[in-house]
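Enquirer: I'd like to ask some things about the structure below.
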Amino acid sequence: MFKELGLMALDSLRANKFRSLLTMLGIIIGSATLVAVLSLGNALQSQVFERFVDLGTRRIAVLPGDPQARGARDVPGYGLLSIRDYQALEQLVARHPDVFRTIVPEVSLRVQARAGNSSVTSTVVGTTKDYQLVQTVPVMYGRFLTDTDDQQTARVAVLGALVAEDLFGKENVAGAIGRTIEVNGKPLQVVGILRQLGGPFSSDQRILVPVSTARLRIAGNQDLPGRGLQMSSILLNLQSERMVERGERLVTSTLRATRNVPDGVIDDFRLNLPTQALGVLAGINGAITGFIALVAGISLVVGGIGIMNIMLVAVTERTREIGVRKALGATDGDVLSQFVLEAVAISVVGSLIGVTSAIALVALVGAAAGLGVAISWVAVGLALAFACIIGIGFGYYPARRAALLLPIEALRYE
Amino acid sequence: MYHDTEYLTPVEVTDYVTEPVVRIEHVTKDFVTGGNLFRALDDVSLEIHRGEMIAIMGPSGSGKSTLMTILGLLDVPTSGTYWLDGQDVSALNRGQQARVRNQKLGFVFQNFNLLPRLSALKNVELPLVYGRLGAREREERARQALEAVGLGARLHNRPNELSGGQKQRVAIARALVGNPAMVLADEPTGALDTRTGAEIMGLFRQLNREQGITIVVVTHDPEIGKQMDRVVGLRDGRITENILQEYYHVGVATEELELPGRDPVPVPVQVEQQG
């Protein structure tokens, strides 16, 4: 019976091809939008996530505490990080090789750099070879810092792309390797130049030097009273993303102990966890996706209203047919099912057309933009299910009108 | 138009041995149009017997169409009772009415009322679809029904590929396919030329004779009335004649009806037609 009704429904779509297509348009657009947006949204999201993986989803950054935070104690130098914190964490990393892979210091100094007649204000970052593991610092020319550099407090520097351009001129960047620059009056030999990445968090405008060099040759006295060298941040690289929580606990307890934070008092340092960044990103992406999905949903509902309209017309046009069917023994339920199924057929066929075009479109855009595009099958399912619901929802009222026609009046309808 | 009609020596039909297929008693049907009450049927009682082929005749407005819709369970009487095939169908709900229409009644309409997008076979299958029969059995029975009306070669033609007479044959096959207790035909020759109309009436008679199918034809055409076993005449919502015309038909006990000294009653209708 159901099969018969389904065939009848498809047959009546074929009977009015152009009209059916026009009626489907809203559903086609809605379904296509839904699938395209959710699929491309997924692709964009995974691409951004991959960037984040570059920057380290395995990274915990220890940052100075905020003296303005509620519960912060009013002591001089509150929240600042020092070499003692670094050393304590260094021991922690050595004790837990299953959790941590490496630890990297970051000593940032505001400096004046000069080469020949050119001069720029820049930031020197004192760090180690492992900086490459926690930050995106691809070397374009020359080499990166080495352990030997650090041990020897070598007078070497790796320049960010923009710093190198400013000091040597855009066309002479490659030739800058081996040249000497002055940083706060101290000569450093350029051993490497980084590729330009762009963005506020890149090292484009930084000068990277061995941490020992930063401390002993450039900083002068940056020591905190009784605590040694001040550090701008300490970066810990984890063995895997699954270690984020455990690493966070270990780092927190170690730092609280080293820094004598009493129980019940808030941390006087901050941890930057990758999960937070990922969460925020996913949230933003979800909001945008949700909004566009809502627009698609509205389009589907408008399509549904179109279906209701055309079904009301169909019921009027086919009043005699309804009368004949009833005379032959169709129950109200049979007629209801027939017209509801017809509405569902319009919406589902429309949805299938929309989904198919969206898949083609997404594949095309993906190929053109070089994105690794995955069709969101959830969105496909969602679009089809939604189309079904809309067909039933908006088909019910016209179908009910058909079902409740009196057979004799329907038969006599001209 | 109908004018003076004189009926000669009507035979009141009273005694049958068979159980009536239809028994209606004191059926009244009122319509309200524009605030006025119009009584389309006024206390009509009638029995139709198995295997009979009868005509319900009368001028337009006589109530013959209303009687047809009530017999066909397409409408319900205002008052009165209706037994169909031994079942009281006066107070069924819509679903039950649909079921009875499907199982016990077959309809043939003046303008065929075939579904234009379905083949002859599919049109004939339709009552069986609503009767929830399986596809294979449906097709087999529909094929047989079409063969029985002489359309075995046109199974897959659509109505617009068939002549008027062929369309009406398809409609008759559709009416017969569910083995109904009674076939109701509303002006079945009204849209056909004389010769084709005669062929269709011949087919009805053949089906009635060979298969004992009970057939009720609503018509205003006296030529058709002549060919019937019995003519029920209506005027102003009342039965004015109920005349047996032939003795030999299937369901009637002949000995009961062979009244002494009576020859088979000649066709008793005299009609003047204008226009």
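Enquirer: Give the separation of the Cα centroids, the range A:192-242 to the range A:290-343, in Å.
Expert: 68 Å
Enquirer: Relative contact order for chain A: what is it in percent, counting Cα pairs under 8 Å that are at least 6 residues apart? Don't jump to the answer; show the numbers that get you there.
Expert: On the way: 741 pairs, mean separation 121.7, N = 414.
Reported relative contact order: 29 percent.
Enquirer: In nm, give the distance between the simple-model label positions of B:S79 and A:A174, each being 7 Å from the Cα along the Cα-to-Cβ direction.
Expert: A separation of 11.2 nm, rounded to one decimal place.
Enquirer: How far apart, in nanometres, would the label points at A:T136 and A:S118 be if each is projected 7 angstrom from Cα along the Cα-to-Cβ direction?
Expert: If labels sit at A:T136 and A:S118, their model points lie 2.4 nm apart.
Enquirer: Between the range B:133-154 and the range A:117-141, how far is it from one alpha carbon centroid to the other, in angstrom?
Expert: Each part's Cα centre sits 88 Å from the other's.
Enquirer: Follow-up question, since we're still on this one. If each residue of separation counts as 0.36 nm, what is the full-extension length gain between A:A282 and A:E245 once their alpha-carbon separation is subtracted? It would help to have the intermediate numbers written out before the result.
Expert: Values: separation 37, 0.36 × 37 = 13.32 nm, distance 1.90 nm.
Length difference between fully extended and current span is 11.4 nm.
Enquirer: Would you mind pulling out the separation of the Cα centroids of the range A:7-42 and the range A:353-414, in Å?
Expert: When both Cα centres are located, 5 Å separates them.
Enquirer: OK, next. Using a probe of 1.4 angstrom, how much of the accessible area of chain A is carbon and sulfur, in percent? Could you put the intermediate results ahead of the total?
Expert: On the way: 11520 of 19670 Å².
Exposed carbon and sulfur together represent 59 percent of the surface.
Enquirer: Please give the per residue accessible area of the range A:77-176, computed with a probe of 1.4 Å over protein heavy atoms only, in Å². Walk me through the numbers before you get to the answer.
Expert: Working: 4330 Å² over 100 residues.
That works out to 43 Å² per residue.
Enquirer: Give me the summed buried accessible area for the B-A pair, 1.4 Å probe, to the nearest 100 Å².
Expert: On the way: alone 13310 and 20810 Å², together 31850 Å².
That pair of chains buries around 2300 Å² in total.
Enquirer: Between A:D267 and A:Q68, what length comes free when the chain is fully extended (0.36 nm per residue of separation minus the Cα-Cα distance, one decimal in nm)? The partial results should precede the final answer.
Expert: On the way: separation 199, 0.36 × 199 = 71.64 nm, distance 1.27 nm.
So the extension gain works out to 70.4 nm.
Enquirer: Per DSSP helix of 4 or more residues, -39500 (n - 2.57); summed, then divided by the residues of chain A. What does that give at 222 nm, rounded to the nearest 500?
Expert: Numbers: 12 runs with 222 residues, N = 414.
Mean residue ellipticity at 222 nm (helix-derived): -18000 deg cm²/dmol.
Enquirer: Given bins 10 angstrom wide, list per bin the percent of all Cα-Cα distances in the range A:66-267, short to long.
Expert: Whole-percent P(r) values from 0 Å outward: 9, 32, 32, 20, 7, 0.
Enquirer: Kindly point out which whole DSSP H helices in chain A project their C-alpha atoms 15 angstrom or further along the helix axis while averaging a Kyte-Doolittle hydropathy of -0.5 or above. Could you put the intermediate results ahead of the total?
Expert: Details: long enough: A:2-15 (20 Å, 0.49); A:17-55 (54 Å, 1.03); A:83-95 (18 Å, -0.34); A:244-258 (21 Å, -0.40); A:274-317 (63 Å, 1.62); A:332-369 (54 Å, 1.68); A:377-403 (36 Å, 1.28).
Within chain A the helices that satisfy the rule are A:2-15, A:17-55, A:83-95, A:244-258, A:274-317, A:332-369, A:377-403.
Enquirer: If R0 is 45 Å, what FRET efficiency do you get for A:R256 and A:R143 from their C-beta distance, rounded to 0.05? If you can, show how the numbers build up before the last one.
Expert: Values: r = 39 Å, r/R0 = 0.86.
Once the sixth-power term is evaluated, E becomes 0.70.
Enquirer: Go through B:E25, B:E147 and list them by solvent-accessible area, largest first, probe radius 1.4 Å.
Expert: Numbers: B:E25 65, B:E147 100 Å².
So the residues, ranked largest to smallest area, are B:E147, B:E25.
The values are calculated or read from the model by the stated rules, or taken from the named source; none is laboratory data. All values derive from a computational prediction rather than experimental measurement. Backbone-built Cβ (ideal geometry, glycine too); neighbour counts: all protein chains shown. Only protein heavy atoms, including side chains, enter the accessible area calculation; ligands, DNA and RNA are left aside. Shrake-Rupley method; radii C 1.70, N 1.55, O 1.52, S 1.80 Å.
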